[in-house]
Amino acid sequence: MPNIAATSPVPLTLDAVEALFNLPFSDLLFQAQQVHRRHFTANQIQISTLLNIKSGGCAENCGYCSQSAHYDTPLVRQGLLAVEEVVNAAKAAQAGGATRFCMGAAWRQPTANDMAVVVAMIKGVKALGMESCVTLGRLDAAQVSDLKAAGLDYYNHNIDTSRDYYDKVVTTRHFDERLATIALIQEAGIHVCSGGILGMGESRRDRAAMLLELATLDPQPQSVPINLLVKVPGTPLANAPDLDIFEFIRTIAVGIILPRSYVRLSAGRESLHDEAQALAFLAGANSIFYGDKLLTTANASSDHDRALFRRLDLQIEG
Ligand code: SF4
């Protein structure tokens, strides 16, 4: 197993990561692009497509989420989709260039019946020759083992923010419970996709602490989604102050403390101008969610994305 600290350009301490954040903006981006090119092919982007397989009614109270049953949001609830519908959506995503199909369900933890359906979905996606990813909430060891046996490639389980800020965002679960599910996934040999959300009122030190938490997982997550808060009416964070876009870009750049992880622009991308997305790619983001809808919020349109890739000479990986 590689020594994770040895691959980071700075020591994995909070002060050192914060010092990286504090570099002059151009120095930080220059360093980020250099580190990125040591580990990835330049100008390549991986695209994933995300489908919500069950929406709303979730028992957790994540303060940013339209799917929580605790808040009155505009979301229309939707029960678990049929396997055939999901596999057809995966085929369409594959035809559009996606190499990975991600399925998200709004559960605190899936039941045995839920698991049987999700396992069939994973097998259906794998039979197409695509990578599969699911996000289902917390899991026990037996459920992780079922997902592994189905051939699951990635499990998404975000840590959302820093340990210290976590209870400002969600109180129905604890930070360590997130880490416990991630540990089960890692032990089973399933790749971990874990990141967070920026713009929830957290400080720069919180953002540094969140990335540090991810960087000290062993192994580091293979995929790190960085979301920009989408302010959903009815949620506690509906009126959170805007995050300076350059702070968002800085956070992506500091992602070089996980130098081998794909950094994915996720929720909130539709609110980024093309210029901001170009800066994010320069800072080392090399993966996006592609498709017109991202779980329950709008996403940048596929046509617009393709045009942007052409303008920036980005090649789709895969
Ligand atoms: S983020 Fe996930 S766990 Fe939290 S309320 Fe939304 S669906 Fe539930």
Among the residues of segment 175-202, count how many are touching a helix residue (DSSP H, G or I) at 6+ places or on another chain (Cβ under 9 Å) and among the polar types (S, T, N, Q).
2
Of residues in segment 285-311 being modelled with pLDDT of 60 or more, in a loop (DSSP other than H, G, I, E, B) and open to solvent by 10 Å² or more (accessible area, probe 1.4 Å), the one farthest from C102 (Cα to Cα):
S301
Just to be sure I understand the filter: pairs with C-beta atoms under 8 Å, separated by 6 or more residues or on different chains, first member in segment 240-265 and within 15 Å of L229 (Cα to Cα) and open to solvent by less than 50 Å² (accessible area, probe 1.4 Å), second member of a type in the set (D, E, K, R) and assigned to a helix (DSSP H, G or I). Which pairs pass?
E247/R204; E247/R207; T251/R207
I'm told E247 meets every condition in (1) in a helix (DSSP H, G or I); (2) over 22 Å from G63 (Cα atoms) except one. Can you identify the failing condition by its number?
(2)
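Look at segment 175-197 and say how many of its residues are touching a residue at least 60 places away in the same chain (Cβ under 8 Å) and either in a loop (DSSP other than H, G, I, E, B) or open to solvent by less than 10 Å² (accessible area, probe 1.4 Å) (or both). Before the answer, list the steps.
Residues of segment 175-197 touching a residue at least 60 places away in the same chain (Cβ under 8 Å): 193, 195, 197.
Filter once more, keeping what is either in a loop (DSSP other than H, G, I, E, B) or open to solvent by less than 10 Å² (accessible area, probe 1.4 Å) (or both): 193, 195.
Within segment 175-197, residues that are touching a residue at least 60 places away in the same chain (Cβ under 8 Å) and either in a loop (DSSP other than H, G, I, E, B) or open to solvent by less than 10 Å² (accessible area, probe 1.4 Å) (or both) number 2.
Taking into account only those residues within segment 135-174 that are assigned to a helix (DSSP H, G or I) and either within 12 Å of the ligand (Cβ to nearest atom) or of a type outside the set (G, A, S) (or both), which is nearest to the chain's Cα centre (by Cα)? Even if it seems obvious, please write down each step before you answer.
Residues of segment 135-174 assigned to a helix (DSSP H, G or I): 141-150, 166-168.
Among the residues that remain, those that are also either within 12 Å of the ligand (Cβ to nearest atom) or of a type outside the set (G, A, S) (or both) are: 143-144, 146-148, 166-168.
On the way: Q143: 21, V144: 19, D146: 22, L147: 19, K148: 20, Y166: 17, D167: 20, K168: 20 Å.
Ranking the qualifying residues of segment 135-174, first place goes to Y166.
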Sort out which residues of segment 186-218 are away from the ligand (no atom under 16 Å from the Cβ) and among the aliphatic types (A, V, I, L, M), and write them in order of number.
A188, I190, V192, A208, A209, L211, L212, L214, A215, L217
Among the residues in segment 99-114, are any open to solvent by less than 10 Å² (accessible area, probe 1.4 Å), more than 20 Å from E317 (Cα to Cα), in contact with a helix residue (DSSP H, G or I) (Cβ under 9 Å, 6 or more places away or on another chain) and more than 16 Å from the ligand (Cβ to nearest atom)?
no
Filter result for L212 (within 21 Å of Q143 (Cβ to Cβ), of a type outside the set (D, E, K, R) and not in a loop (DSSP other than H, G, I, E, B)):
no
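A quick yes/no check of all residues on (1) more than 16 Å from the ligand (Cβ to nearest atom); (2) part of a loop (DSSP other than H, G, I, E, B); (3) at pLDDT 95 or above; (4) touching a helix residue (DSSP H, G or I) at 6+ places or on another chain (Cβ under 7 Å):
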residue: A5; (1), (2), (3), (4): yes, no, no, no
residue: L29; (1), (2), (3), (4): yes, no, yes, yes
residue: V35; (1), (2), (3), (4): yes, no, yes, yes
residue: S66; (1), (2), (3), (4): no, yes, no, no
residue: P74; (1), (2), (3), (4): no, yes, no, no
residue: K91; (1), (2), (3), (4): yes, no, no, no
Across segment 7-27, what is the number of residues that are surrounded by 15 or more Cβ atoms within 10 Å (Cβ to Cβ), assigned to a loop (DSSP other than H, G, I, E, B) and free of Cβ contacts under 8 Å to residues at least 60 places away in the same chain?
1
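The values are calculated or read from the model by the stated rules, or taken from the named source; none is laboratory data. Since the model is a prediction, treat every value here as computed from it, not as a measurement. A quick note on method: Cβ atoms are made from the backbone with ideal geometry, for glycine too, and the neighbour counts reach across all protein chains shown. These area figures cover heavy atoms from the full protein model, side chains too; ligands, DNA and RNA do not enter into them. Shrake-Rupley method; radii C 1.70, N 1.55, O 1.52, S 1.80 Å.
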